[in-house]
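Every number here is computed from the coordinates shown, using simple stated rules; none is lab data. The structure displayed is predicted, hence computed values, not measured ones. Positions of Cβ are generated from backbone atoms using ideal geometry, with glycine treated the same way; all protein chains shown enter the neighbour counts.
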Amino acid sequence: MLNGWVLAVVFITVLVSLCNPRGVSDIAFSSSNPPSFSSPFDFSETHHLFSFLSTLQYDFYRQSCPHAEKIVSSSMALIHSRRQDVSASLLRLFFHDCFIQGCDASILLDPTTGDDTYSSEKQAIPNLTLKGFVEIDQIKEELERVCPRVVSCADILSLATRDAVVLAGGPFYPVFTGRRDSTRAYFEEAMAELPRPDDNINRTLYLFAARGLDERDMVSLLGAHNIGKIGCQFILNRLYNFSGTSLPDPSIDPEFLNLMRFKCQEKEHNNTHVSHDQVSPASSPTPEASVETLRRSTLGMSYFQELSPSLSLEGGFDTHYYKSLLSGRGLLYADQQLMADENTGRLVKGYASDDGSTFRMDFARAMVKLSVLDVLTGSQGQIRERCGF
């Protein structure tokens, strides 16, 4: 547990970085070759960022459930000791929640039994392979035993994700609490507005900008791909049927293409791959058996070691994701597209140029911004007794 003064220093440091982020625009370019994007300090953006302080608080449950955050952190430590890939799972789950209508735990809602007209976000195609629901439910059950109907599922997911990041070797960042849970899910929005593995750079930039996240936020948040595996189902179209051509992506180096195909055997394409054309909308969700097959699939690729054999350090929150992109070894088309734009390409080069400290600081800053998107507070929403309904 951090001492109070240490926590205060970290808290102030991250808040200051929100106003004046360090990093790529400061270190990677000379005065004769400045970056083309705007200055990192923007008063209107900073004012918007700090507006959440009127509704969220640091240690919101200090009176109503004083051990809440300790219960989350101790639970996460135990879960991580048994399943280290939980960090990547929760990061993805948290991102998919916050990106659709804000950080409101709507992603956790189950489908309504007997109501064929209602579909949960879990049933949206981009969410079929999400994991981490069981772990969030476990933490919620523990908190309900101590403080019934007090701690929201949205706050549990936010805190658990931060602790998962730290346990995976990532940076600490402050999590402000006081969120409430959504009363409904947003299936259509999840189908249409989540970034896709085959998105080009323009669509990815648009989706992030629509949520107040700038280029720096986007490139640093995508650095979460440093940990965990990219499931083969997200790669196969690029390997065998890029843009419906029945051919691989021509931009992939032949040697790397062979490696990717070897890691993701072609037979997996027929057994577990679900495309946007194969799955119909809310009226006919994917069969549960197919969803479970996708979620349990162990075939995947990491951005570490097998992709960048020259790296000698252990994979984690460092720069190997960005170095992979510089060498043209982005697993997802959307990842490699970061090099197709001058500004995002410069950010990739900047993050890859040091020991990872710039990326870690910017990632922490971006996670704070992401975690306060369109939160429900006060009398809005609800506090669910169970996160699934």
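Against the compact-protein benchmark of 2.2 N^0.38 Å, the Cα-based radius of gyration of the range 152-207 scales to 1.48. Gyration tensor over the Cα atoms of the range 90-244: the corresponding equivalent ellipsoid has semi-axes (square roots of 5 times the eigenvalues, largest first) of 26, 20, 15 Å. For the listed residue pairs K229/K323; K70/K140; K140/K369, the alpha carbons are over 20 angstrom apart in K140/K369.
Magnitude of the charge dipole for the range 104-248, about its Cα centre and with charges confined to Cβ atoms of Lys, Arg (+1) and Asp, Glu (-1), is about 360 debye.
Estimated at 0.36 nm per residue, the fully extended path between R145 and R386 surpasses their Cα-Cα distance by 85.6 nm.
Within the straight-line cut-off of under 17 Å between alpha carbons, the lysines reachable from K122 are K131, sequence neighbours fewer than 8 places apart in one chain being disregarded. What the phi angles of the range 61-70 give under the Karplus curve with 6.51, -1.76 and 1.60, with θ = phi - 60°, is a coupling list of 9, 4, 9, 6, 7, x, 9, 4, 5, 5 Hz, glycine and proline written as x.
Here the range 124-166 is treated as an ellipsoid with the same Cα gyration tensor; its semi-axes, largest first and in whole Å, are 21, 13, 9. On the basis of the beta-carbon distance and an R0 of 30 Å, D59 and D354 show a calculated FRET efficiency of 0.35.
Quote the Stokes-Einstein diffusion coefficient, in whole µm² s⁻¹, for the range 57-174, based on the Kirkwood radius over alpha carbon pairs, a temperature of 10 °C and a viscosity of 1.306 mPa s.
Calculated translational D: 107 µm²/s.
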